[in-house]
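K.L.:
Here it is: the structure, laid out below.
The values are calculated or read from the model by the stated rules, or taken from the named source; none is laboratory data. Quick caveat: nothing in here was measured; it's all calculated off a predicted structure. Note that we place each Cβ from the backbone using ideal geometry, even for glycine, and neighbour counts take in every protein chain shown. We work out accessible area using only protein heavy atoms, side chains counted, and drop any ligands, DNA or RNA first. Shrake-Rupley method; radii C 1.70, N 1.55, O 1.52, S 1.80 Å.
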Amino acid sequence: MLAVALPTVWLSGAGAAAQSQSQSQQAGQAAEQTLVWTADNSYTEYKSAPATATAGPVTIVFETNESTGNTFGMSHTLTFDVSSPGYNHDVNVNIMASPFDTSGGRHEVQVNLTPGTYRYYCMIPGHAGMVGELVVTSAGPTDTTPPQVSASVSGDKDADGNYVSSASVTVSATDADSGVDTVEYALDAGAFQAYTAPVPVSQVGEHTVRYRATDKAGNASAVGSVTFTVVAPKPKDTTPPTVSAAVSGTKDAHGDYVDSATVTISATDADSGVDTVEYALDAGAFQAYTAPVPVSQVGEHTVRYRATDKAGNTSGVATTTFTVVAAPPPARTPLTVTASSRCLGTSVYVAVAAVNDGDVPATVTLTTPYGSTTVANVAPGKQAYQSFNARAKQIGVGKVTVTGTSSIDGENVTTSYEAAYNAISCG
């Protein structure tokens, strides 16, 4: 911007109006800014003074009178420094003002300021403390970009995405150039109004909030909108959850659980939903149920259980009772097996005997390193016997294997046994 140097301006008494008009004409155009200095009874500092300005046409106002605190009738000047190094010297302002001058101590003058720093002071002797600096910055580029504006809706939602009881609409706007000046919104068919805080909407039904923003350069955004639905809350939940338990595992003929049982608890709530499920085993305290509960200790057991929904309703305590028994030993064909080695002449024989200790007939197989034989239908208390020729004069320590098969509870049960025989030498 072109700087215009002005002659020194003394404004006092009757000449103030004419000088102000001349200064205004020399400024070349209407001022876009007004900078105000005031003085009171102090001669060490101005009562008020601007610190910054933007380059371009400016109206300077200097006032000292009773309204600014000058009750002594003291005169002051506002003088711009035109000689000290390091400062702008392109504007000459030297205004003398007094509460008793013809302008009542208030004077105006228009000038053009350029980027840089101006030094100002009061030139009246004894007023040396009245001094300061005015920093002038370049005018920025013209802002032609409207603000960015958006809206968000918050509140408690139901499963369909509707807002229960009420919703709150928050509108946000930003402008990186001149800055946001105003934000407005309109609810449904209503008129636009100033947005100052999130907008609560509690009327049941579908709603549309329109919104827009304007920056300090006068650029207005396009109108945005957000649509949502508010629904009435469901009736208060006063019904506790429904809760049940099931016991699973292998049962014996008496309905008892063999080795272990597993308790599975289920709870449902059609209103607010299940919040917690708890159980207690026998005399133990209630604890959170998170997975099926295994119970392996032999004896009778009782599991107590309950559930609480999200509205705080708790079901009555229910119970399930069951018994865990130890698994019976596996079925066997009982045999008493013996083996021995003996000499018949110079030959070694291995003799094997198996007595049926059960109460049903058994088929017995005798097996040695020197042969094997099977004896069917060995009656209870009877034995199967066989002596095997080793066809050798001596043998070492060895083992025989005997299996017995019998029908127990309708199933064939085979049991295997081993017996040792001694080393022997027969001449």
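K.L.:
Test of understanding: in a Gaussian network model of the chain with alpha carbons linked when under 10 Å, which of Gln383, Gln33, Gln203 would top the mean-square fluctuation ranking?
P.N.:
Comparing Gln383, Gln33, Gln203 in the GNM, the peak value goes to Gln383.
K.L.:
Bins of 10 Å, beginning at zero and ending with the bin holding the largest distance: percent of Cα pairs per bin for the stretch 258-396, please.
P.N.:
P(r) over the stretch 258-396, rounded to whole percents: 10, 23, 14, 10, 10, 12, 12, 7, 3, 0.
K.L.:
When you take every Cα atom in the chain, what is the radius of gyration, and what is Dmax, the widest Cα pair distance, in Å?
P.N.:
Taking only Cα atoms of the chain, I get Rg and Dmax of 54.9, 166 Å.
K.L.:
Less than 15 Å Cβ to Cβ from Thr142, Lys/Arg counted +1 and Asp/Glu -1: what total charge do the surrounding residues give?
P.N.:
Result for the neighbourhood of Thr142: -4.
K.L.:
Given R₀ = 35 Å, FRET efficiency for Thr144-Tyr87 by Cβ-Cβ distance, to 0.05?
P.N.:
After rounding to 0.05, the efficiency reads 0.50.
K.L.:
Can you pull the Rg over Rh of the stretch 160-244, Cα-only, Kirkwood?
P.N.:
1.21
K.L.:
Here is a further query. Rounded if a/c is under 1.5, else prolate if a/b is larger than b/c, else oblate: which is the stretch 46-108, with a ≥ b ≥ c the root eigenvalues of its Cα gyration tensor?
P.N.:
Prolate, because a/c is 1.5 or more and a/b exceeds b/c.
K.L.:
Can you pull the one-decimal nm distance between simple spin-label points at Ala194 and Gln33, each 7 Å off the Cα toward Cβ?
P.N.:
2.6 nm
K.L.:
Here's a follow-up. Return one number: the angle in degrees, 0 to 90 and rounded to the nearest 10, between the long axis of the Cα atoms of helix 16-27 and the longest principal axis of the Cα atoms of the chain.
P.N.:
60 degrees
K.L.:
Determine Rg/Rh for the stretch 230-310; Rg is computed over alpha-carbon atoms and Rh is the Kirkwood hydrodynamic estimate from the same atoms.
P.N.:
For the stretch 230-310, the value is 1.14.
K.L.:
Using a 1.4 Å probe over the heavy atoms of the protein chains, calculate the carbon and sulfur portion of the accessible area of the chain as a whole percent.
P.N.:
Whole-percent figure for carbon plus sulfur exposure: 50.
K.L.:
Write down the radius of gyration of the stretch 195-334 and its Dmax, each obtained from C-alpha positions, in Å.
P.N.:
Values for the stretch 195-334 (Cα only, Rg and Dmax): 28.7, 106 Å.
K.L.:
Take the Cα pairs of the stretch 363-427, get the Kirkwood Rh, then feed it into Stokes-Einstein at 10 °C and 1.306 mPa s and tell me D in µm²/s.
P.N.:
D = 118 µm²/s.
K.L.:
Return one whole number: the accessible area per residue of the stretch 346-427 in Å², for a 1.4 Å probe.
P.N.:
Each residue of the stretch 346-427 exposes 54 Å² on average to a 1.4 Å probe.
K.L.:
With the other protein chains left in place, how much accessible area per residue, in square angstrom, belongs to the stretch 73-156 at a 1.4 angstrom probe?
P.N.:
45 Å²
K.L.:
Can you give the helix-only mean residue ellipticity at 222 nm for the chain, where every DSSP H stretch with n ≥ 4 adds -39500 (n - 2.57) and the sum goes over all residues, rounded to the nearest 500 deg cm²/dmol?
P.N.:
My calculation for the chain gives -1000 deg cm²/dmol from helical runs alone.
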